[in-house]
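Presented below is the structure to which this report refers.
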Amino acid sequence: MISFYIAIPARHQQYIEQQIHSQYPEAQIDLTSDYNIFVPQGKVIGTYLTFKRSFFFPLKTYKKIESDTLNSLTNSLSKIDTTEGAVIQFVVRSAKGVWHKWGVRVAKEMQQGKTLEHALRVVNANFILRTIGNLTDYFTTKKKDGMDGAKEKHSLSPLEQEMVKGLEEKTAKAGMDVNIRIVVSSKDQERAEMLLENIANAFSQFNVYEYGNSLQKTKPSSHKHLRKLFFKLFLEKRLIRDFIFRSYRERRKLILNTEEMASLYHFPLPTTET
């Protein structure tokens, strides 16, 4: 059975219920005890989903995906046996407004005739200059010629024009800081890894390889320099603990706009196959 849960502070309960009923008038909302996906004496593994590129590059949303985006996710969950458990967890909070500026600045630089790489260098350099403060005027004078003084403007290709459009569309909507965790519990390691991979692969439908962003699986235990076994186990246990307590991790933050978030998580539609 696939279930949908929302865990919120008590002060927001009435507001969230009103929002759900405004979109799903016939929805039945039940207060329930917490769920448990863990299998006794089983193997528990998990991963975070992270962006492959900078946060201001967009994901593909339901507006550009022909089928219901929920179908692929629920299909991967439907492969879970009754003796196993799996969960896709979104920990969400409102993003600070400053995130909008990055995509706008990169798009603006590209519209002025710069390549993506050149635009990113300019935006990053300007950010560093603002943090330096008093050195800004001097450093800008010395460096701007090398970064902004291209004698001939770059003519944007159709792909680059589509990229600029995507940057502007993403930043035009409200944003959220999001942690995405996938946790699987199964009888053995091999089975658990297969289920985890299948669920993570279901998110590939949101990837925009040419001019946007992609979601990728990141295991806390995959760091190259973690040679001590106890530290590896600590990171694995911390992910599971963060999942249980729904903790937010700044380092694993994704910034999604409302359209992207609605594509990743929404309640079943009449057309949802599973």
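The values are calculated or read from the model by the stated rules, or taken from the named source; none is laboratory data. For clarity, every value in this text was computed on a predicted model and none was experimentally measured. With ideal geometry, Cβ positions are generated from the backbone for all residues, glycine too; neighbour counts draw on all protein chains shown. When the accessible area is computed, the model is the full protein with side chains, heavy atoms only, and any ligands, DNA or RNA have been set aside. Shrake-Rupley method; radii C 1.70, N 1.55, O 1.52, S 1.80 Å.
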C-alpha center-to-center spacing [region 153-209, region 24-81] in angstrom: 13 Å
Highest-fluctuation residue, Gln19, Gln205, Gln216 considered, GNM on the chain with Cα pairs under 10 Å: Gln19
Phi-based couplings in Hz for region 93-109 (Karplus 6.51, -1.76, 1.60; Gly and Pro marked x): 9, 6, 8, 5, x, 5, 4, 4, 5, 5, x, 4, 5, 5, 4, 5, 5
Solvent exposure of the chain as accessible area per residue, Å², 1.4 Å probe: 62 Å²
Under 5 Å, built H, 5+ apart or other chain: amide partners of Lys187: Lys43
Filter on Lys114/Lys253; Lys64/Lys217; Lys64/Lys253; Lys101/Lys153 - keep pairs with C-alpha separation over 27 Å: Lys114/Lys253
Nonlocal amide H pairs with Lys114, under 5 Å, H built at 1.01 Å: His154
Residues with amide H under 5 Å from that of Ser214, placed H, sequence gap 5 or more: Lys52, Arg53, Val208
Computed magnitude of the charge dipole of the chain (debye, nearest 20; Cβ of K, R +1, Cβ of D, E -1): 1500 debye
Top positive-direction residue, dipole computed over region 32-75 with Cβ charges, set Pro58, Val39, Asn71: Pro58
Percent RCO, i.e. relative contact order, over the chain, from Cα pairs under 8 Å lying at least 6 residues apart: 37 percent
Stretch in the chain that is longest and holds no GluC sites (Glu not before Pro) that DSSP places in a loop and that have at most 14 other beta carbons within 10 Å: 67-151
